[in-house]
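Peer 1: I am attaching a structure below and will ask some questions about it afterwards.
Quick note: the coordinates plus some simple rules give every number you see, no bench work behind them. Everything quoted here is computed from the prediction, not taken from an experiment. Every residue, glycine among them, receives a Cβ derived from its backbone with ideal geometry; neighbour counts consider all protein chains shown.
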Amino acid sequence: MKLNFLGTGAGVPSKERNVSSIVLDLLQEQGNNWMFDCGESTQHQILSTNIRPRKIEKIFITHLHGDHIYGLPGFLSSRSFQNGETNLTIYGPKGIKEFVETSLNVSGTRLTYQLIFIELFEGLIIDNNHFRVFAKKLEHGVESFGFRIEEKSKPGQLQSNKLKEVGIQPGPIYQQIKENEQVQLENGQVIYRKDFIGKEKPGRIVCIMGDTRYIPDLQAFVKEADVLIHEATFERNQEKLAHDYFHSTTEQAAKLARNSNVNRLILTHISSRYQKESSQLLLDEAQKVFPDTTIAYDFYETEIPAK
């Protein structure tokens, strides 16, 4: 599991930062990728990475402000040209379907794959073999959501030494035991998986927040995440400005991370007023509250190791 930050700026592109887009690389886990927001020029940013658009099968839109959605029509069209044939699901607030379909219809764009739209709501929005995804309303000028992605626990290691002790030698039977709760041997003996397998391996948790004011009550939603990605549009002494514009400061994001017992905090959605050296100021502010903080930059990649 890996995070790729394609755009880390707020509002408008700057020389250092494009507008919002993140890709969660799940190729090893389930053979595809998920995108979170698709700001203007996201498809251009992808050209500087190893990301293949046809491998992106879900797009989650946190909210409908332009710096989070204006890249969608271009990306969807390019995915068609680049052999994208698998269906693509877009999760977003009410209005996302109208925006995308109008853009494609007016431009005469025909896709080689089917688009599926799912209007966001609070609660469990995905439950598949590998992941559960929960959505939570945030506090912004328009309806905005955060996401909690939970990887499901994996079975523990098969304890071959115990199997050998009861006379079961290595072979295809080992895989059968690992995949089934119980297996009957040729001699009629029934083997129960729980007796020959180690502790489950807990899954990883990633929380990605859309634009929002500081909400202390989010602690329960992001609790014990391996990685929390949170906006930090302004520095700590601009708390009133952040509140007025429905955003958060570095210090506020760090407080949420500290109080929620998360492992790592990654700040993004940085105002264009902060360039080069001033980014270090933002990082210092956050690290005073929560030391394990990073400020993302365009093309920043980070692995989320298995537990």
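Peer 1: Considering amide H positions built from the backbone, and no H for Pro or chain starts, which residues 5 or more places from Y70, or on another chain, come under 5 Å of its amide H?
Peer 2: Answer set, sorted by chain and number: E40.
Peer 1: Give, as a single signed number, the net charge of other residues whose beta carbon lies under 15 Å from the beta carbon of K276, with Lys and Arg counted +1 and Asp and Glu -1.
Peer 2: Details: positive: K15, R17, R273; negative: E16, E235, E277, D284, D298.
With Lys, Arg at +1 and Asp, Glu at -1, the neighbours total -2.
Peer 1: For I56, which sequence-distant residues (separation of 5 or more, or a different chain) have an amide H within less than 5 Å of its own amide H, given hydrogens modelled in the peptide plane?
Peer 2: Under 5 Å from the amide H of I56: N33.
Peer 1: Report which label in (i) 18.9, 57; (ii) 22.1, 74; (iii) 19.3, 67 holds the value of Rg and Dmax of the Cα atoms in Å derived from the coordinates of this structure.
Peer 2: (ii)
Peer 1: What is the sum of charges, Lys and Arg at +1 and Asp and Glu at -1, for the other residues whose Cβ falls under 14 Å from the Cβ of P291?
Peer 2: On the way: positive: K255, R258, R264, K288; negative: E251, D284, E285, D292.
For residues surrounding P291, the net value is 0.
Peer 1: Collect residues whose amide H, placed 1.01 Å from N in the peptide plane, falls under 5 Å from the amide H of I266; neighbours closer than 5 in sequence don't count.
Peer 2: Residues meeting the amide H criterion: L228, I229, H230, T294.
Peer 1: Follow-up. Give me the one-decimal nm value for the distance between modelled label points at Q82 and Q159, 7 Å along each residue's Cα-to-Cβ direction.
Peer 2: It is 4.7 nm.
Peer 1: If you don't mind, another one. Of I116, I69, I22, which is the most mobile in a GNM of the chain whose springs link Cα atoms less than 10 angstrom apart?
Peer 2: Judging by the Gaussian network model, the answer is I116.
Peer 1: Can you return the lysines within cross-link range of K240? Criterion is Cα-Cα under 30 Å, with same-chain partners fewer than 8 residues away left out.
Peer 2: List returned: K15, K94, K136, K137, K223, K255, K276, K288.
Peer 1: Next question, about the same structure. Gaussian network model of the chain, Cα springs within a sub-10 Å range: biggest mean-square fluctuation belongs to which of E85, E179, E16?
Peer 2: Of E85, E179, E16, the Gaussian network model singles out E179 as fluctuating most.
Peer 1: How much FRET efficiency would the formula 1/(1 + (r/R0)^6) give for T302 and R52, where r is the Cβ-Cβ distance and R0 is 22 Å, rounded to 0.05?
Peer 2: Values: r = 19 Å, r/R0 = 0.89.
Working from the Cβ atoms, E equals 0.65.
Peer 1: Once you place label points 7 Å from the Cα toward the Cβ at T112 and H130, how far apart are they in nm?
Peer 2: It is 2.3 nm.
Peer 1: Counting DSSP beta bridges in the chain, what percent are antiparallel, to the nearest 5? Display every interim value, and only then the final one.
Peer 2: Details: 34 of 60 bridges.
Restricted to the chain, the bridges split so that about 55 percent are antiparallel.
Peer 1: Starting from 0.36 nm per residue, how many nanometres of slack lie between V166 and E277 once their C-alpha separation is accounted for? Let's see the in-between values first.
Peer 2: On the way: separation 111, 0.36 × 111 = 39.96 nm, distance 6.48 nm.
Extra length available between V166 and E277 comes to 33.5 nm.
Peer 1: Within a Cβ distance under 15 Å of E143, other residues only, what is the Lys/Arg minus Asp/Glu net charge? Mind showing how you got there, number by number?
Peer 2: Working: positive: K94, K97, K136, K137, R213; negative: D37, E98, E119, E122, E139, D211.
The answer is -1.
Peer 1: Further, regarding this structure: Report the relative contact order of the chain, percent, no decimals, based on alpha-carbon pairs under 8 angstrom and at least 6 residues apart.
Peer 2: Numbers: 674 pairs, mean separation 52.2, N = 307.
Once divided by the residue count of the chain, the mean separation gives 17 percent.
Peer 1: Ok, one more. Which ³J(HN,Hα) values in Hz, rounded to whole numbers, follow from the phi angles of segment 137-142 under the Karplus curve 6.51 cos²θ - 1.76 cosθ + 1.60, where θ = phi - 60° and Gly and Pro get x?
Peer 2: Once θ is set to phi - 60°, the couplings for segment 137-142 become 5, 10, 10, 9, x, 10 Hz.
Peer 1: Could you check which residue among P73, P202, P170 shows the biggest mean-square fluctuation in a GNM of the chain with a 10 Å Cα cutoff?
Peer 2: Largest GNM mean-square fluctuation: P170.
Peer 1: Is segment 86-240 rounded, prolate or oblate when judged by the Cα gyration tensor, a ≥ b ≥ c being the square roots of its eigenvalues, rounded requiring a/c under 1.5 and prolate requiring a/b larger than b/c? It would help to have the intermediate numbers written out before the result.
Peer 2: Values: a/c = 4.09, a/b = 1.88, b/c = 2.17.
Cα axes put segment 86-240 in the oblate bin.
Peer 1: Would you list which aspartates and glutamates come within 20 Å of K162, measuring only between C-alpha atoms, while excluding same-chain residues fewer than 8 positions from it?
Peer 2: Here the aspartates and glutamates satisfying the reach criterion relative to K162 are E179, E181, E186, D195, E200.
Peer 1: Further question: When the Cα centres of segment 137-198 and segment 1-61 are compared, how far apart do they sit, in Å?
Peer 2: Result: 32 Å between the Cα centres.
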